[in-house]
Amino acid sequence: MQIDNLFTKLDEKVTDYHYLEKEIIDLKKKTKIQYESLNNLTKARGIFQAASKLTQNMLSKRISTIVSNALEAIFLDPYKFIIDFVERRNSTECDLLFEKNGNKKNPLESCGYGAADIASLALRVAIWKLTTHSRNTLILDEPTRALSKYKQKLASVMFKSLSRMEGGLQFIIVTHNPDLSDSADRTFQITQENGISSIKQIK
């Protein structure tokens with residue numbers, strides 16, 4: 001009787017062994033699949049990072065060129081506009097900077113507000129140029145207020161040039177600057193009397 005019990009227990013152990021052996025084989029297969037999946041994800045992440053870096057470089061170059069050209073049109077010794085993509089807090093951020101002689105500076109800290117205003121305007125133009133479905137009108141309020149009289153004249157020439165770009169970008173400018181109003185295709189004068197505004201077309 002004891003021998004029968006021993007054989008029964010032995011059979012159970014053999015069955016358990018075969019079951020565990022099968023589980024080990026299944027786990028090995030699953031581990032291999034998961035490893036291959038992880039390997040593919042790692043490769044995909046590398047491809048995504050490379051594509052992201054390439055896109056960042058292309059955007060940086062195109063936007064920097066447009067903004068730097070705008071600064072060059074107004075200022076005799078202009079800063080170069082650059083975009084630095086940096087990793088902070090596990091996310092990608094971009095710093096907008098002025099550069100001169102290898103020194104990078106915050107636009108608002110490096111010079112007067114005139115250059116920052118022109119850079120800001122040029123950024124809006126660059127975004128418009130890169131976004132095919134964006135509206136073709138920019139509304140600006142005294143965009144040359146921080147510029148000297150001479151630079152305001154240069155800015156009016158720049159606006160005229162920008163308005164003739166491919167794609168038909170239009171500017172609606174609110175200003176007291178005669179250079180801007182003289183260079184406009186259409187000029188309207190707004191006056192107010194007894195709290196009532198009236199608009200008159202000048203040209």
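A few notes on this one:
- Residue 98 being surrounded by 14 or more Cβ atoms within 10 Å (Cβ to Cβ) and at pLDDT 85 or above: yes
- Filtering the stretch 138-167 to residues that are within 25 Å of residue 199 (Cα to Cα) and exposed (fewer than 12 other Cβ atoms within 10 Å of the Cβ) leaves 139, 141.
- Condition met for residue 175 (without any contact (Cβ under 8 Å) to a residue 24 or more places away in the chain and in contact with a Ser or Thr (Cβ under 8 Å, 6 or more places away or on another chain)): no
- Number of residues in the stretch 58-113 that are without any contact (Cβ under 8 Å) to a residue 24 or more places away in the chain and among the small types (Gly, Ala, Ser) equals 4.
- Scanning the stretch 53-91 for residues that are surrounded by 12 or more Cβ atoms within 10 Å (Cβ to Cβ) and over 30 Å from residue 156 (Cβ atoms) yields 53, 56, 57, 84, 85.
The values are calculated or read from the model by the stated rules, or taken from the named source; none is laboratory data. Just so it is clear, the structure is predicted and the values come from calculations on it, not from any experiment. Glycine gets a Cβ as well: all are built from the backbone with ideal geometry, and neighbour counts include every protein chain shown.
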